[in-house]
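Only one structure is covered here, and it is reproduced in the block below.
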Amino acid sequence: MKQLAIIGPTASGKSDLAIKIAQKMNAYILSIDSLSIYKEIDIVSAKPSREELAAIKHFGIDVLYPDEYFSVEIFIKLYKDVVALCKKEKKNLIIVGGTSFYLKSLMQGLSKIPPMTPELKQSVAVKMKNLEEVFQMLQSRDPLYMKKINPKDSYRIEKALLILEASQMTPSEWFMKNPPEPIIEKMPIYNIDVSRDVLRNRIQKRTKKMLTMGLIDEVAYLEKKYSREPNAMSSIGVVEVLSYLDAEIELPQMLELISIHTAQLAKRQQTFNRTQFTEITTAPLEELEEIILSQ
């Protein structure tokens, strides 16, 4: 089974390229996009169309509801399941998306977690009823590790407490003694090189298209069904529409802010892709198809 990754900033043409390559190399596609993983967030996430999803089997899209928790651990399990299916069905795999952090996590891997009995998990669940108290205790025991965790992030706080109770070590001590092991040793990574001006123009066009597709109605529906609490509701495209619905900004300003914030995200993605991967092939979109298929 062959596998490769196509990365690049948002609106750079990754999805279209991945579908073209997948059709020519008998591959499935695994999306690494922090919003496309959620059901019902369709327009904001700029998911591939139904026709595109039907043309090639996609994974990592419409997996969870917006109020369900998503993490690197969940993504790595998804990746392993997809690889097993590809091997079974004699398919290759293309990983594609803008959230390259998940690709990086495959290259770096995760540390193992200490064994946990059902009794220990139950004990921790009881303690977690007082989230603030648990957070403060962990913060006093391991301030360096807890510095990265939001006081309301119950999932990560519970994970830290489980590690402490199961191993009798602070999370920092545990992870130092149990460094991560890579999930993927080596994989060809292809990065789309696109100028800021071209990208800014594509982002503006895509933002206007999202509006005509029903962006405002989608966000209003998501807010009514899930409230503003889930992490997904603080995403670019959602926040600006909520400000518009609150009558804090006018429609033209809403569109402008979405475009500006998306362009800022694209810049961060370009920096991450350039600095976090050592072996990577970077080329313009129109050249990458030939480069990939010639390998």
Among the candidates MET146, MET116, which residue alone is under 30 Å from THR271 (Cβ atoms), surrounded by 12 or more Cβ atoms within 10 Å (Cβ to Cβ) and of a type in the set (A, V, I, L, M, F, W, C)?
MET146
Only one residue in ILE216, ILE258, ILE236, ILE249 is within 23 Å of ARG50 (Cβ to Cβ), modelled with pLDDT of 95 or more and touching a helix residue (DSSP H, G or I) at 6+ places or on another chain (Cβ under 8 Å). Which one?
ILE216
Filter region 82-123 down to residues that are charged (D, E, K, R) and over 30 Å from PRO171 (Cα atoms), then give me how many there are.
5
Restricting to helices (runs of 4 or more DSSP H) lying wholly in region 153-238: which have 3 or more residues that are in the same structural domain as LEU285 (by TED's automatic domain parsing) and surrounded by fewer than 16 Cβ atoms within 10 Å (Cβ to Cβ)?
196-213, 215-226
Being touching a residue at least 24 places away in the same chain (Cβ under 8 Å) and part of a helix (DSSP H, G or I) narrows it down to one residue among GLN270, GLN295; which is it?
GLN270
Subset of region 174-191, residues more than 29 Å from ILE21 (Cβ to Cβ) and in contact with a Leu (Cβ under 6 Å, 6 or more places away or on another chain), comes to PRO180
Out of all the residues in region 69-82, is one or more at pLDDT 95 or above, more than 30 Å from ALA220 (Cβ to Cβ) and surrounded by 20 or more Cβ atoms within 10 Å (Cβ to Cβ)?
yes
Working carefully through the options LYS88, LYS104, LYS57, find the one that is exposed (fewer than 14 other Cβ atoms within 10 Å of the Cβ) and either over 26 Å from ALA266 (Cα atoms) or within 12 Å of the chain's Cα centre (by Cα) (or both).
LYS88
Out of SER100, SER123, SER111, I need the residue that is in contact (Cβ under 8 Å) with a residue 12 or more places away in the chain and over 17 Å from ILE163 (Cβ atoms). Which one?
SER100
Cβ contacts < 7 Å: first residue under 13 Å from SER31 (Cβ atoms) and touching a residue at least 60 places away in the same chain (Cβ under 8 Å), restricted to region 1-18; second residue in a loop (DSSP other than H, G, I, E, B) and of a type in the set (A, V, I, L, M, F, W, C), any location; separation 6+ or different chain. Result?
ALA5/MET187
Counting only residues that are more than 19 Å from LEU110 (Cβ to Cβ), among the hydroxyl-bearing types (Ser, Thr, Tyr) and within 24 Å of the chain's Cα centre (by Cα), how many does region 138-176 have?
1
Conditions (1) polar (S, T, N, Q); (2) surrounded by fewer than 16 Cβ atoms within 10 Å (Cβ to Cβ); (3) touching a residue at least 40 places away in the same chain (Cβ under 8 Å); number of the one not met by SER243
(3)
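Here's the yes/no breakdown for (1) of a type in the set (A, V, I, L, M, F, W, C); (2) farther than 20 Å from ILE76 by Cα:
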| position | (1), (2) |
| --- | --- |
| VAL124 | yes, yes |
| LEU131 | yes, yes |
| PRO143 | no, yes |
| MET146 | yes, yes |
| ILE149 | yes, yes |
| MET169 | yes, yes |
| LYS177 | no, yes |
| GLU181 | no, no |
| TYR190 | no, yes |
Would you pick out the residues in region 11-41 that are under 12 Å from the mean Cα position of the chain (by Cα), of a type outside the set (A, V, I, L, M) and buried (at least 22 other Cβ atoms within 10 Å of the Cβ)?
SER31, SER36, TYR38
Over region 242-279, the set of residues under 20 Å from the mean Cα position of the chain (by Cα) and either outside the structural domain of ARG196 (by TED's automatic domain parsing) or of a type outside the set (S, T, N, Q) (or both) is ILE258, HIS261, ALA263, LEU265, ALA266, LYS267, ARG268, PHE272, ARG274, PHE277
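The values are calculated or read from the model by the stated rules, or taken from the named source; none is laboratory data. For clarity, every value in this text was computed on a predicted model and none was experimentally measured. Positions of Cβ are generated from backbone atoms using ideal geometry, with glycine treated the same way; all protein chains shown enter the neighbour counts.
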